[in-house]
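The values are calculated or read from the model by the stated rules, or taken from the named source; none is laboratory data. Predicted model only: the values in this text are computed from it and were never measured. Quick reminder, even Gly has a Cβ in these numbers, built from the backbone with ideal geometry, and neighbours come from all protein chains shown. Side chains included, ligands, DNA and RNA excluded: accessible areas come from the protein's heavy atoms. Shrake-Rupley method; radii C 1.70, N 1.55, O 1.52, S 1.80 Å.
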Amino acid sequence: MKGIRVRLKGLAKHFGRVVALRTLDLDVRAGEMVAFLGPSGCGKTTTLLMIAGIYQPTAGEIYFGERRVEHLHPRDRDVGMVFQSYALYPHLTIFDNIAFPLTLKKIAPAEVARRVRQIADLLGIAHTLDRRPGQVSGGQQQRAALARALVKEPQVLLLDEPLSNLDAQIRVQARGEIRRLQQEIGVTSILVTHDQSEALAMADRVAVFSTGELQQFAPPDELYRRPANTFVARFVGYPPMNLLEGRYEPGAFVLDDLRIPVPPGHPAGRGWLGFRPEDATLDGDVPGRVTVAEALGRENLVTLRIGPAEVKVLVPQGRRPAPGTPARLGYRREHVHFFDASGRRVGA
Amino acid sequence: MPLLPPRWRLLLVAIAALSLPILSGLAWLLLTGWFDQVHGLVPTGRLGPDNWRFLWEAVGGRPSVWIPLRNSLIFSGVVATVVVLASSMAAYAISRLSFPGRAAYLGLVLVLHAFPAVSLIIAIFFILRRLGLFDTLTGVILVKASLELPLGIWLMKGFFDYLSWEMEMAALVDGVSRWTLFWRIALPMVRPGLLALGTFALLSAWGEFILPFTLIVSNQNWLMSAYLQTFLGEAFTDFGMVAAVGLFYAVPVIVLFLLGQRYLLNIYGGGVKG
Ligand SMILES: Nc1ncnc2c1ncn2[C@@H]1O[C@H](COP(=O)(O)OP(=O)(O)OP(=O)(O)O)[C@@H](O)[C@H]1O
Ligand SMILES: [Mg+2]
């Protein structure tokens with residue numbers, strides 16, 4: 001089984017007056033795993049359901065390979081999907097749940113049984129096959145849903161927050177399993193999540209959405225190193241990037257009566273200055289005062305007031321200044337991010 | 001048997017007191033059915049099967065009891081089936097599909113339910129005559145089923161409203177058509193509702209009197225209730241036989257209850273576990 005290339009062209013979806021997706025262009029390579037990352041209500045599920053064929057797009061085109069599919073019934077699209085609630089059929093056994101897509105294709109019972117067992121073995125749920133969904137654990141339900149999506153060997157696999165109902169420990173384990181399986185099978189996959197660590201860990205490329213719009217589509221490390229705008233900068237990375245709004249003058253960023261020296265390549269006029277807490281230090285030359293210092297375990301997170309703004313600085317464990325103590329902010333110049341007044345990234 | 005706490009015993013007494021009229025009615029029915037004469041609740045006559053002779057002979061120009069029994073079984077069975085099928089399909093459409101006039105239709109269904117059957121009987125009479133369905137089993141079946149539909153649709157809509165959308169989407173992705181979706185996914189999941197509605201429709205049809213009494217004339221098409229009624233309409237009423245026929249009339253319901261007890265109690269006691 002080999003995945004297929006999936007292209008979205010000018011895809012849009014309106015529900016009456018609600019614009020769930022404004023317009024989306026996306027090119028997913030064959031066999032690639034792409035994550036849709038964004039806050040709640042930004043149109044991730046809607047997009048997935050249009051690809052699956054549940055929703056009709058208001059406008060735009062969907063291609064699987066060279067074939068246009070947006071007018072096709074879901075059963076003619078050859079997609080498998082895992083839903084957030086798993087959506088297993090409660091009145092059928094796990095076996096019958098997984099077998100369901102195959103029986104609809106009128107495949108011979110012996111062949112159905114063989115394929116169900118094979119995928120169940122692969123996912124480690126062979127011993128649950130004669131139970132009902134209500135009689136197995138959440139993790140097993142999640143695998144059963146995955147098995148049902150994969151058993152028909154689809155060209156495209158859609159995953160809508162498949163891990164959000166699992167507890168934290170199983171989640172990290174399931175994350176790795178899904179990724180390994182996906183690479184093994186080579187099925188083109190789209191994973192919806194609002195958990196950035198999940199997106200960054202599992203996907204080849206991540207599409208970041210804000211309300212109804214794609215913000216950036218890039219591999220995880222690029223998303224982190226070169227966020228395309230202030231939304232992505234704020235959304236990706238934890239603790240979030242420090243973003244200061246002010247005015248650029250040659251060689252400096254001006255925040256009220258504070259001047260922060262900046263390296264060359266910065267924009268002119270109003271704009272944003274960004275640097276991550278791990279790229280900031282307390283040994284610089286911008287005067288400020290500590291307001292909070294939290295222990296995160298491996299490091300301490302210090303909140304600093306400079307002029308009208310607050311910034312966060314990650315410092316090594318040994319250092320935990322008391323609130324009220326003066327401190328001088330610095331940052332690593334090579335890791336600075338410039339954004340213009342509209343929030344768009346400037347420079348490399 | 002464990003002893004009940006005092007408070008429960010009190011409750012039990014209260015329940016018994018409330019049921020007393022019904023219980024004594026049943027006692028009367030049982031006694032009168034089997035004895036020649038009964039005074040109050042005390043049998044005075046001989047014990048014997050004399051009152052039950054309607055089982056093997058036609059009594060006083062009436063057809064054999066087996067004919068109305070057969071008619072009643074057909075009538076209730078078909079009414080229940082039609083009501084369950086039609087209501088679940090209509091309810092599914094109302095619950096899941098959006099079509100123009102959906103809300104108005106839903107309101108109309110409720111309003112229809114507000115009319116008692118009796119107030120419609122004259123109009124129904126003319127319509128059936130026009131259609132050539134007057135005095136036929138088919139005619140009463142259609143009328144009875146339509147009168148039960150509003151309740152059925154509302155009941156089933158409530159059940160379908162609880163089905164998850166994701167489950168239906170999953171089924172669509174798995175490759176079902178609308179029809180398979182309804183038949184293989186949606187219906188099995190509202191089984192408790194189907195059973196409840198089917199039981200109600202069956203019992204209501206079994207006990208129905210006004211419709212068959214007014215819309216059926218020929219004694220070959222009588223239902224049990226109409227058959228029973230003829231014994232009461234005579235100048236001299238043979239209460240012994242009335243009781244026996246009444247008991248006989250109740251037997252299928254009791255059998256049904258005994259067979260379906262487990263399921264029914266499950267429905268009323270919080271739903272069948274999936
Ligand atoms: N069937 C619908 N009818 C009307 N509006 C809808 C419908 N489905 C989604 N919407 C709206 O479209 C927007 C996008 O919804 P969508 O479910 O795609 O968000 P999401 O990104 O998946 O969010 P979440 O992370 O909470 O699942 C929301 O504002 C939502 O209210
Ligand atoms: Mg969603």
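Table for the structure above
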| item | result |
| --- | --- |
| Complete set of residues in segment B:107-119 that are in contact (Cβ under 8 Å) with a residue 24 or more places away in the chain and of a type outside the set (V, I, T) | B:L110, B:L112, B:H113, B:A117 |
| Residues (within 7 Å of chain B (Cβ to nearest Cβ) and buried (at least 21 other Cβ atoms within 10 Å of the Cβ)) located in segment A:81-102 | A:M81, A:F83, A:A87, A:Y89, A:F100, A:P101 |
| Segment A:20-33: number of residues that are surrounded by 22 or more Cβ atoms within 10 Å (Cβ to Cβ) and within 16 Å of ligand 2 (Cβ to nearest atom) | 2 |
| Leading residue by the ranking (surrounded by the most Cβ atoms within 10 Å (Cβ to Cβ)) among those in segment B:172-221 that are polar (S, T, N, Q) and within 10 Å of chain A (Cβ to nearest Cβ) | B:T180 |
| Residues of segment A:103-119 satisfying the condition of being basic (K, R) and more than 11 Å from chain B (Cβ to nearest Cβ) | A:R114, A:R115, A:R117 |
| Residue, surrounded by the most Cβ atoms within 10 Å (Cβ to Cβ), within segment B:158-171, restricted to residues that are within 8 Å of chain A (Cβ to nearest Cβ) and assigned to a helix (DSSP H, G or I) | B:A170 |
| Extreme residue, farthest from ligand 2 (Cβ to nearest atom), among residues of segment A:50-63 that are within 14 Å of chain B (Cβ to nearest Cβ) and within 22 Å of A:R29 (Cβ to Cβ) | A:G53 |
| Residue within segment A:168-181 that is within 19 Å of A:W272 (Cβ to Cβ) and either open to solvent by 10 Å² or more (accessible area, probe 1.4 Å) or within 14 Å of the chain's Cα centre (by Cα) (or both) present | no |
| Residues located in segment A:76-102, provided they are more than 16 Å from ligand 1 (Cβ to nearest atom), within 28 Å of the chain's Cα centre (by Cα) and small (G, A, S) | A:G80 |
| Residue satisfying all of: in segment A:184-196; touching a residue at least 24 places away in the same chain (Cβ under 8 Å) and away from ligand 2 (no atom under 16 Å from the Cβ); surrounded by the fewest Cβ atoms within 10 Å (Cβ to Cβ) among these | A:G186 |
| Boolean, B:G193 is modelled with pLDDT of 90 or more, more than 30 Å from B:F126 (Cβ to Cβ) and not polar (S, T, N, Q) | yes |
| Conditions (1) under 29 Å from A:L102 (Cβ atoms); (2) away from ligand 1 (no atom under 16 Å from the Cβ); (3) modelled with pLDDT of 95 or more; number of the one not met by A:E61 | (1) |
| Top-ranked residue in segment A:65-80 [being farther than 17 Å from B:V176 by Cβ and out of contact with any strand residue (DSSP E or B) (no Cβ under 7 Å at 6 or more places or on another chain); ranked as nearest to the other protein chains (Cβ to nearest Cβ)] | A:H71 |
| Qualifying residue in segment A:234-241 (condition: closer than 28 Å to A:L37 by Cβ and of a type in the set (D, E, K, R)) | yes |
| Single condition A:L37 does not satisfy, out of (1) in contact (Cβ under 8 Å) with a residue 40 or more places away in the chain; (2) within 16 Å of ligand 2 (Cβ to nearest atom); (3) closer than 27 Å to B:R184 by Cβ; (4) open to solvent by less than 60 Å² (accessible area, probe 1.4 Å) | (3) |
| Boolean, A:L48 is in a helix (DSSP H, G or I) and within 12 Å of ligand 1 (Cβ to nearest atom) | yes |
| Strands (runs of 3 or more DSSP E) enclosed by segment A:238-311 - at least 1 residues per element that are in contact with a Lys or Arg (Cβ under 8 Å, 6 or more places away or on another chain) and among the aromatic types (F, W, Y) | A:242-249, A:252-255, A:269-275 |
| Segment A:209-232, residues that are among the charged types (D, E, K, R) and outside any helix (DSSP H, G or I) | A:E213, A:R226 |
